Amino acid sequence: MKRESYKKLVAKQINQDFKSAVEVVEVSIPQLEVGQILIENKFAGINGGFDTLVCRGDIPYFSLNPPFDLGVEAVGIVVDKGADVKDFEIGDAVVTTRVGGGYREYQVIDANLGVKVREATPEVLTLMPTGVSALVALEQAGEMKSNEVVLVTAAAGGTGHIAVQLAKLAGNHVLGTCSSPEKVRLLQELGCDRIINYRTENLDQVLKQEYPKGINLIFECVGKQVFDTCVDNLAIHGRLVSIGHISEYGKNVEQVTQARIYHQLMWKAASVRGFLTPYYQEYIPEASDRLLNLFYNGKLQVSVDPTEFNGIESIPTAVEYLLSGRNCGKVVVRF
């Protein structure tokens with residue numbers, strides 16, 4: 001029997017707390033228009049930082065008025081298609097990466113916005129857009145080279161564990177920070193050259209003692225003291241790419257009083273660069289193709305966190321879990 005309605009998660013209000021901002025609603029499956037496909041989502045990626053910021057109204061490049069849809073990346077199966085759709089057939093697996101398309105059981109999109117993949121598995125959600133962001137941030141914002149020292153913070157996370165592998169594939173010496181023995185084991189499997197468990201070692205001491213010439217490229221997504229330590233340990237001509245600050249998501253922004261950052265940068269000709277995927281759209285298609293090829297050819301390992309979150313109702317708990325830092329790899333919800 002064909003379903004006529006489905007559930008999705010929406011932000012009902014702007015609120016500092018994600019769980020208080022959202023609710024599950026049931027809506028009708030819309031009629032398809034020319035060039036559209038209907039997708040039954042199988043998995044969606046959890047982006048706790050972005051989810052929290054958007055529900056707080058703290059995403060500066062767009063403004064949403066409640067109620068609005070949530071979630072970004074999803075993978076599912078085409079279950080219906082409109083007229084003039086030539087590139088998809090019913091039963092095809094497809095990835096989507098549009099804001100509002102993730103936290104829902106079904107979605108309708110223009111067919112040209114979907115990316116066909118071999119199977120609807122959670123692994124592809126680690127590649128798009130998470131892995132794509134890592135690749136573009138390293139190569140474009142970070143100007144990644146070979147034979148450099150590269151540091152990845154939160155290296156066992158959904159983005160970080162891809163960044164580690166990409167830096168290794170480019171021929172670099174790679175350091176990774178993490179917070180548990182389980183994450184250490186994952187990074188060992190990925191070939192990370194120096195793993196720093198910040199609960200048992202001091203990051204600043206390790207960098208100063210073992211890498212006295214500094215770090216050439218830093219892929220930084222933690223923020224607060226970790227960010228300050230990374231800036232302090234940049235090499236001459238070093239580049240730090242800030243792709244997030246998960247230590248502050250869901251919290252008030254920390255106010256600090258210290259010397260201005262140019263005192264750290266000028267004498268080393270170093271730089272700090274912010275990265276945001278929407279400002280690098282021209283690089284996304286090629287990066288997506290390259291990552292999928294690396295994955296399908298066995299050159300890129302994808303880690304999906306084993307903790308199961310099932311159904312729309314589990315998403316707030318999954319967001320909390322991700323923000324707690326307990327995850328090892330990409331966190332996904334299964335529909």
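The values are calculated or read from the model by the stated rules, or taken from the named source; none is laboratory data. All figures in this text were calculated on a predicted structure; none of them were measured in a lab. Cβ: placed from backbone, ideal geometry, glycine included. Neighbour counts: every protein chain shown.
Here's the yes/no breakdown for (1) without any contact (Cβ under 8 Å) to a residue 60 or more places away in the chain; (2) part of a strand (DSSP E or B); (3) more than 27 Å from Gly325 (Cβ to Cβ):
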site	(1), (2), (3)
Leu32	no, no, yes
Phe43	no, yes, no
Phe50	yes, no, no
Tyr61	no, no, no
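For every residue, the table says whether it meets (1) within 25 Å of Lys330 (Cβ to Cβ); (2) surrounded by 22 or more Cβ atoms within 10 Å (Cβ to Cβ); (3) modelled with pLDDT under 95.
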| position | (1), (2), (3) |
| --- | --- |
| Ala134 | yes, yes, no |
| Asn147 | no, no, no |
| Gly158 | yes, yes, yes |
| Leu166 | yes, yes, no |
| Gly171 | no, no, no |
| Pro212 | no, no, no |
| Phe219 | yes, yes, no |
| Residue, nearest to Pro278 (Cα to Cα), within the range 73-115, restricted to residues that are at pLDDT 95 or above, under 24 Å from the mean Cα position of the chain (by Cα) and among the β-branched types (Val, Ile, Thr) | Thr96
| Every residue from the range 283-298 that is of a type outside the set (S, T, N, Q) and surrounded by 11 or more Cβ atoms within 10 Å (Cβ to Cβ) | Tyr283, Ile284, Pro285, Glu286, Ala287, Asp289, Arg290, Leu291, Leu292, Leu294, Phe295, Tyr296
| task | Working only within the range 9-56, note down all residues that are touching a Ser or Thr at 6+ places or on another chain (Cβ under 8 Å), of a type in the set (A, V, I, L, M, F, W, C) and within 24 Å of Thr126 (Cα to Cα). | result | Phe18, Ile39, Phe43
| Mind checking which residues of the range 1-27 are in a strand (DSSP E or B) and either touching a Cys at 6+ places or on another chain (Cβ under 7 Å) or aliphatic (A, V, I, L, M) (or both)? | Leu9, Val10, Ala11, Val22, Val24, Val25, Val27
| Can Glu123 be described as charged (D, E, K, R), within 17 Å of the chain's Cα centre (by Cα) and crowded, with 16+ Cβ neighbours inside 10 Å? | yes
| said: Here's a check for you: in the range 172-220, which residue that is among the aromatic types (Phe, Trp, Tyr) and touching a residue at least 60 places away in the same chain (Cβ under 8 Å) is nearest to Leu276 (Cα to Cα)? | reply: Phe219
